Every structure is written in C-alpha cells, then in structure tokens.
1. Mind giving me the FRET efficiency for ARG123 and GLU95? R0 is 22 Å, r the Cβ-Cβ distance, nearest 0.05 is fine.
2. LYS250 to SER149: FRET efficiency via 1/(1 + (r/R0)^6), r the Cβ-Cβ distance, R0 41 Å, to the nearest 0.05?
3. Going by average Cβ density within 10 Å per residue, which order do the peptides 157-163, 41-47 take, highest to lowest?
4. For TYR72 and GLU48, calculate 0.36 nm times their separation in residues minus their Cα-Cα distance, and state this gained length in nm to one decimal.
5. Apply the Karplus curve 6.51 cos²θ - 1.76 cosθ + 1.60, θ = phi - 60°, to the phi angles in segment 132-145 and return the couplings in whole Hz, x for Gly and Pro.
6. Can you give the net charge of the other residues whose Cβ lies under 14 Å from the Cβ of LEU109, counting K and R as +1 and D and E as -1?
7. So for LYS152, LYS74, LYS250, what's the accessible-area order with a 1.4 Å probe, most first?
8. Can you send over the solvent-accessible area of VAL99, 1.4 Å probe, protein chains only, in Å² to the nearest 10?
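The values are calculated or read from the model by the stated rules, or taken from the named source; none is laboratory data. Bear in mind the structure is a predicted one, so any value in this text is a computation, not a measurement. When we count neighbours, we look across all protein chains shown, and the Cβ atoms used for this are built from the backbone with ideal geometry, even at glycine. Heavy atoms of the whole protein, side chains included, go into the accessibility calculation; ligands, DNA and RNA do not. Shrake-Rupley method; radii C 1.70, N 1.55, O 1.52, S 1.80 Å.
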Amino acid sequence: MNQFLPLLLASCLFFISHSQITSNTYSQHACHPDQSSALLQLRQEFIEKRISFDHVRYFDHSDYINYYSISYPKMKFWKSDTDCCSWDGVTCDAEIGLVIGLDLSNSWLCGSLESNSSLFSLRHLQKLNLAVNNFSSYTIPSEFGQLVSSLKQLHLSFTNFSGELPHSIGNLKFEDIRLEQQPNRMLEVLNIAKNKLNNTFPFWLESLPELQILVLRENGFHGPIWDPHTKFGFFKLRVICLSQNNFSSKLPTEYFKTWNAMLMGLGKNK
C-alpha cells in the first residue's frame, strides 16, 4: 500500500489543482449580476410571436424561406440559474464578464422597444443585432445614442420600425451638431434596411468617424442625396446601399472624391 501512496497523493494534488484552475477560468467568464438581470428583464418586454410578412414593403420570397428555416425564440432558453454568458445570442468579455455582444436576430420578438428598455443599460455592447423581428411600427428609440460610445455594429434591418432615424445614433442633438463636442463614436456598421423609416438623407451620420458600412435600402427615405451646405464626409465608408427608396436626385460624383476607403478597396480589386 505504501508504494502507491506517492502516486495517490500526486493524483489528489493534480485533481485539486485542476479544479482550482477550472473554477478560476469559469469565474473569469461569469456574467455580472446586473448584466444577467438586464437581460432577463429584456426577455419580459416582448412576446414571442413569429413575424407576419404583411408589413414588408418589398416582399422577397427568399426572406420568407430563410426566416422560417432559421428563426426561433432565443430568449426562451435563458435561465436565471445559469451564467448569462452561456445564453444563446449573448457574448461576454472573457476577462470581466460584461455583455459585449447580443444577437437576437430572427428571435420572434414582438412588441414595442420602449425608451426605458433594459437593453439600454447594457452600456458595453459592441455588437447588437435585432434584425428580423417585429417592433410594431414604433419609432427607433433615441436611447440607442447611449450605446454609441462602445457600439461598433448595429443591425436593425427588417424590424418594422417607422418614423425618422434619430440623430442620437450619431450621438448628436438635432439642434447642436458641433462634432468637436461629441464623445467617442465607434460605430462601423449601421444596417436599417427593410423598414418604414421616412427621412431625408441622414447627412449627420458623417459624425460617425469609423462608419464603414451604411445600409438604408427599402425604406421611405426621400429628397436629394446632397446638400450644398453640407460637407460630405464618410471618409472610411466602404459600402453604401440606398436602393428602393424615394430619393429625387443623382449621387454627385464629388462625393466619391472624399470616399478614400472605398476607392482604395476598388483599387485592390483591379
């Protein structure tokens, strides 16, 4: 028996050491209680209901097929007694457990996204995807501006939003567009396609210095795509999609002279 004692002790020490490492690793990924609470509250703000395609302006049969093949109620499987970092659609920072990504696309969300939604308390979000849900023809809450300092991707396509695109997405007040007074704005991707938004061209989005992809297609945007009193920026823009709107003028070629990132991309594809 004594000859096996060293081996037994070594095995026990390895088990204890391995258990400690596993526990520490898990604790690094554990979701903050306030983040978990905010997500659980968000789940209570909507009912789960599949989308009716009656509200779609430009019906594409592929949308219907794709939706019914991949959609399901993701939040239904969130459990309060489990780590929210393991929940479907949730991504956390590996070191401190803050929610940095939320993908609730195709999740059967139905109802209005209110200005006091717990979504807007998730101030560390870098990627937010709410595409292909039904927010009941309500306007896009201006509170999205509270997330712009960290948010890099915002996907709101096919969500049945209506009204105007809030200036807060550019972290701007309508009456004050002095860019030098604004906080950091990290947004790189803004996709608001296939809604009922009714705006003139949102020149003020040029206040987003990192914006690379802008998708406005299939909405009710109207009027000219230029303003002689506005210096057209978007210096890092690589992709812009404006189709199936009601714009009343051509896109001036002068704009392309400022879109250096797009021109560089075209050069690489020659």
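1. 0.85
2. After rounding, the FRET efficiency stands at 0.70.
3. 157-163, 41-47
4. Details: separation 24, 0.36 × 24 = 8.64 nm, distance 0.91 nm.
The TYR72-GLU48 span can extend by a further 7.7 nm.
5. For segment 132-145, the Karplus-derived couplings read 6, 9, 10, 9, 6, 6, 7, 7, 6, x, 5, 5, 4, x Hz, x marking Gly and Pro.
6. Values: positive: ARG43, LYS49, ARG50, LYS74, LYS76; negative: GLU45, GLU48, ASP88, ASP103, GLU114.
Around LEU109, the surrounding residues sum to 0.
7. LYS250, LYS152, LYS74
8. Counting only protein heavy atoms, VAL99 exposes about 0 Å² to solvent.
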